[in-house]
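The values are calculated or read from the model by the stated rules, or taken from the named source; none is laboratory data. All figures in this text were calculated on a predicted structure; none of them were measured in a lab. So basically every Cβ, Gly included, is an ideal-geometry build from the backbone, and we count neighbours across all protein chains shown.
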Amino acid sequence: MDCMILILGRFQPLHNGHMKVIKDSYAEDKDVVIAIGSAGRSNEKNNPFSGEERKEMIENVLAANDIEARVILIPNTDSDTHYAEHVVKHIGRKPDKVITENQWTIDLFTAAGYRVDVTDRHFEISATDIRDRIANDKGWEDLVPIEVTKVIKDIDGIGRIRRLAKDTP
């Protein structure tokens, strides 16, 4: 049986740094699961895209790169203590390795006994910076795969991010 690699993030939106992690993981092992956390959160300044919109972005990018990974939406939960179990229940089996850069996720999965590999912030890219660039009409398209740009434009994600930025202090 393959070694299952779990890549966990919010992907608000998926960017080129995420893609480096996904490509490197897929090169290491073909059993890759990409779990979209906070799947029930959307239309917020820090979570502008729905879980389904993020899943569409990721699946379009994976298809364009010939990467056969599963993309799973992880529903919200109020329990930090049982978050790792919650994620595992939704992906169907225990991962052999969890890849993340989020300290909260690192702490919870480490405490639950999972092997966690911490990623570096590749190319100094962050989804927060991308959302800020979109809100302020600064260049952002070169920081995300073209398939992500297309989905963001198709769903008027630019307008949504700008409205949310204005509405949130």
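Values as computed for the structure displayed
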{"quantity": "Sole residue being surrounded by fewer than 22 Cβ atoms within 10 Å (Cβ to Cβ), of a type outside the set (Lys, Arg) and touching a Lys or Arg at 6+ places or on another chain (Cβ under 7 Å), chosen from Ser50, Ser38, Ser42", "calculated": "Ser38"}
{"quantity": "Pairs with Cβ under 8 Å, 6+ apart, first in region 46-69 and without any contact (Cβ under 8 Å) to a residue 40 or more places away in the chain and under 19 Å from Ile130 (Cα atoms), second buried (at least 19 other Cβ atoms within 10 Å of the Cβ) and not hydrophobic (A, V, I, L, M, F, W, C)", "calculated": "Asn47/Arg10; Asn47/Gln12; Asn47/Ser38; Gly51/Ser38"}
{"quantity": "Single residue of region 54-74 satisfying the filter (out of contact with any strand residue (DSSP E or B) (no Cβ under 8 Å at 6 or more places or on another chain) and surrounded by 14 or more Cβ atoms within 10 Å (Cβ to Cβ)) that is nearest to Gly17 (Cα to Cα)", "calculated": "Val61"}
{"quantity": "Cβ pairs under 8 Å, 6+ apart, first in region 33-45 and without any contact (Cβ under 8 Å) to a residue 12 or more places away in the chain, second in a loop (DSSP other than H, G, I, E, B) and surrounded by 16 or more Cβ atoms within 10 Å (Cβ to Cβ)", "calculated": "Ser42/Pro48; Ser42/Phe49; Ser42/Ser50"}
{"quantity": "Any hit, region 113-127, residues being part of a helix (DSSP H, G or I) and closer than 20 Å to Ser38 by Cα", "calculated": "yes"}
{"quantity": "Residues satisfying the stated conditions in region 147-163, i.e. out of contact with any helix residue (DSSP H, G or I) (no Cβ under 7 Å at 6 or more places or on another chain) and either farther than 19 Å from Met19 by Cβ or without any contact (Cβ under 8 Å) to a residue 40 or more places away in the chain (or both)", "calculated": "Lys153, Asp154, Asp156, Gly159, Arg160, Arg163"}
{"quantity": "Subset of region 32-41 (residues that are of a type outside the set (A, V, I, L, M) and at pLDDT 95 or above)", "calculated": "none"}
{"quantity": "Meets criteria (farther than 18 Å from Gly40 by Cα, among the polar types (S, T, N, Q) and touching a residue at least 60 places away in the same chain (Cβ under 8 Å)) for Thr110", "calculated": "no"}
{"quantity": "Subset of region 90-131 that is acidic (Asp, Glu) and closer than 22 Å to Asn16 by Cα - its residue that is surrounded by the most Cβ atoms within 10 Å (Cβ to Cβ)", "calculated": "Glu101"}
{"quantity": "Qualifying residue in region 72-81 (condition: aliphatic (A, V, I, L, M), modelled with pLDDT of 95 or more and under 20 Å from Ile130 (Cβ atoms))", "calculated": "no"}
{"quantity": "Residue list for region 142-157, restricted to those being surrounded by 16 or more Cβ atoms within 10 Å (Cβ to Cβ), of a type outside the set (D, E, K, R) and in a helix (DSSP H, G or I)", "calculated": "Leu143, Val148, Thr149, Val151, Ile152, Gly157"}
